[in-house]
1. If you take the charge dipole of the stretch 153-258 about its Cα centre, with +1 on Lys and Arg Cβ and -1 on Asp and Glu Cβ, which of Tyr239, Leu209, Ile170 is farthest toward its positive end?
2. Under a point-charge model restricted to the Cβ atoms of Lys and Arg (+1) and Asp and Glu (-1), what is the dipole moment magnitude of the stretch 39-168 relative to its Cα centre, in debye to the nearest 20?
3. Using the beta-carbon distance between Asp197 and Lys288 and R0 = 30 Å, what value does 1/(1 + (r/R0)^6) give for FRET efficiency, to the nearest 0.05?
4. What ³J(HN,Hα) values, in whole Hz, does the Karplus curve 6.51 cos²θ - 1.76 cosθ + 1.60 give for the stretch 260-272 when θ = phi - 60°, with x put for Gly and Pro?
5. Out of all Cα-Cα pairs in the stretch 221-346, roughly what percent, to the nearest whole number, are more than 17 Å apart?
6. Please report the equivalent ellipsoid semi-axes of the stretch 37-142, computed as sqrt(5 x eigenvalue) of the Cα gyration tensor, largest first, in whole Å.
7. State to the nearest 20 debye the size of the charge dipole of the stretch 263-383 about its Cα centre, where the only charges are +1 on K and R beta carbons and -1 on D and E beta carbons.
8. Give the long-range amide H neighbours of His135: residues separated by 5 or more places, or on another chain, with amide H under 5 Å away, using H modelled in the peptide plane at 1.01 Å from N.
Amino acid sequence: MKKIIKLQSIGIILFSMLFTMSCSDDNNSPSTSVLNIEEAKLLDFPLFAIEPTGIEIVQPEIVDNKEVTYGEIKITLPSTITSLENISASITSKELNLSKFSISPSNSVNLSFEDGKVHVFTISAATGDQEALLHYNVSIIKEVAPVPETLKITGFTFEKSKNPSLPNDITITKTVEDDGGIDKIYLFVPLGTDFTDLVPTIAYDGTTLYYTQENNLNTNVEFPTVDTSFDLKYPKPLYLTVKDRNGDNVRTTNVIVDVVNPVRIETVSVTSPDATEGTSEYFPGVTKWVNQGNHKINFQKATIYKDISPVITPTTNVITVDRALPSGGLIPGESANVNVRVSQYFPEGTYKTTAVFYTRIYHDFDSDDLFEPVEVTVTANIIK
């Protein structure tokens, strides 16, 4: 009886030991938890020693904790970057949980992104079997260097379609560039054009266009984006100012609209009163010259003479012609005298000459030779 009890005790002890060992093995078994690959997504993609101007991240598509589509990372660098060689990532714990995940290529690997090269970066588990979890196609480009703005008016037209009274499109005849000053453009419309109702079409190289019709150039307002009629009749000016993309630099252009024949002679062929032989005679107001243009004008150069009759050798002007000029120039719509002087040194007879007058806009030397000259033929009789 005692033997049976003893054997039972031994069995109980052995069972207890086996149970204890089994429990101990269960406690030491490896974890079967699965990584959530959503946590492996990159939040940013910094570069070593380079500051991007833009970055676009399209995350990988994940279904049932599995990647089905690679992610895309497109990085834009400043145009001042000279090369896309030897560029490396600078991923830190801010962008990726490095206790759980690793990235390859690593930060220590320099890569070339020249010629549109794309590199695949792989996110893997940091421990265990280190399986690849997510992928990103990474590309790097440079910004296109901004083209310098010349801030010039590149086109100014009065289109017939917008100005029905014009016979055709009117474009720029002359451009004068003045670095550090004010540029000028000249356009010429037909005589009789209504200067109070002109619709311009403007092209310019810059970011923003402003205008003013005041001589104070600080009163600029933004040029209308829709077709707008302007009153350009004297004395109203038109200044256009182009600003650059940063608003730091400006360039101003004076728009000058006129006719090519601003001077009209009331009577183009006149006969002066008779002059007495041996006496110098001056006859004011034998006719008038009229400013039919759109700007204040004055003389461009000295009067020249042609078709002198009779021919005198050496060539001598028996008749000289001059124009009276009001102080400050002749204003549009005004007129002034054309005067004749007959020399005292010639014998009796009939003398004839044609005077040619040249004109410029008042104090505007850039307008020289832009305007058509005008002529007046004068006949004078010298009597005894």
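We did not get these values from a lab; they are worked out from the coordinates using the rules stated. Quantities reported herein were computed from a predicted structural model and do not represent experimental measurements. As a convention, Cβ positions derive from the backbone with ideal geometry for all residues, glycine included, and neighbour counts pool all protein chains shown.
1. Ile170
2. Result for the stretch 39-168 is approximately 600 debye, rounded to the nearest 20.
3. Values: r = 29 Å, r/R0 = 0.96.
Using R0 = 30 Å, I get an efficiency of 0.55.
4. 6, 10, x, 10, 10, 9, 4, 10, 7, 9, 10, 10, 6
5. On the way: 5574 of 7875 pairs.
More than 17 Å apart: 71 percent of the Cα pairs in the stretch 221-346.
6. On the way: eigenvalues 120, 41, 27 Å².
After diagonalising the Cα gyration tensor, the semi-axes are 25, 14, 12 Å.
7. 100 debye
8. The list, which skips near neighbours in sequence, is Gly71, Ile123.
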